[in-house]
Amino acid sequence: MPDSVVTRKGQRLRILLTPRYCKGCGICVELCPAKVFGSEPATGKAYLAAVERCVDCGLCELWCPDYAISLEREANL
Ligand code: SF4
Ligand code: SF4
């Protein structure tokens, strides 16, 4: 299982973070209620620090200004 996949609400959820789209604004780091994201010290770019804590609230995908985060929900991820 890739480390970006967790099972929530009976579905497998994949958090896709595309570093080249990320401008390092830190919104996802601040907004995520489960502290899933960290930020690289040198660039500020987000990374997945603890996917297993995700509660599938959807806020990161909704609020990332650069569409760097997307959530995929599939039965067969
Ligand atoms: S909200 Fe988007 S652009 Fe901002 S740090 Fe997170 S992934 Fe990067
Ligand atoms: S869906 Fe919610 S809990 Fe999961 S990483 Fe995004 S903001 Fe955090």
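Quick look at the values:
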| quantity | calculated |
| --- | --- |
| Only listed residue being acidic (Asp, Glu) and either surrounded by 14 or more Cβ atoms within 10 Å (Cβ to Cβ) or in contact (Cβ under 8 Å) with a residue 60 or more places away in the chain (or both), chosen from Glu52, Glu61, Glu40, Glu30 | Glu61 |
| Complete set of residues in segment 1-17 that are free of Cβ contacts under 8 Å to residues at least 12 places away in the same chain and part of a loop (DSSP other than H, G, I, E, B) | Met1, Gly10 |
| Arg12 being within 14 Å of ligand 2 (Cβ to nearest atom), surrounded by 15 or more Cβ atoms within 10 Å (Cβ to Cβ) and at pLDDT below 95 | yes |
| Selection count, segment 20-37, where residues are touching a Ser or Thr at 6+ places or on another chain (Cβ under 9 Å) and more than 6 Å from ligand 1 (Cβ to nearest atom) | 1 |
| Strands (runs of 3 or more DSSP E) within segment 18-77 that include 3 or more residues more than 7 Å from ligand 2 (Cβ to nearest atom) | 46-48, 69-74 |
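The values are calculated or read from the model by the stated rules, or taken from the named source; none is laboratory data. The model shown is predicted, which means the values in this text are computed figures rather than measured ones. Every residue, glycine among them, receives a Cβ derived from its backbone with ideal geometry; neighbour counts consider all protein chains shown.
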